[in-house]
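To keep things clear, I will list the structure first and then write my remarks on it.
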Amino acid sequence: MSINPADHDGGGMTPATLRSLPVTFPFDPVVPRAFGISRSAAYRAWKAGQLPITPLRIGRKLIVRRADLLAALGIDDHEPDDGE
């Protein structure tokens, strides 16, 4: 299984929702929802090196940087101005 950002619909997470995430956050439940896959599929993809992001392991926790997730999904980190 390969996780391709173009193959997902954002799992119901809008770009604005993703931009509003903290700078770092736990892998689960955000990453599975962002890629529109199940928790188990997300962990399998991570273990197989098939996610387009690399979570940081801190003890037993997996931490993800917002900038990494947004880049993997092709979302600009800065919200566009309404006037543009």
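Here, each number is a calculation from the coordinates, and none is a lab measurement. It should be emphasised that the depicted structure is a prediction, and the values quoted were computed from it without experimental measurement. Please note: Cβ atoms are built from the backbone with ideal geometry, for glycine as well, and neighbour counts cover all protein chains shown.
Some notes on this structure:
- Failed item in (1) surrounded by 13 or more Cβ atoms within 10 Å (Cβ to Cβ); (2) under 18 Å from LEU18 (Cα atoms), with ASP77 passing the rest: (1)
- Residue count for region 55-72, restricted to those that are in contact with a Leu (Cβ under 9 Å, 6 or more places away or on another chain) and within 13 Å of VAL30 (Cα to Cα): 8
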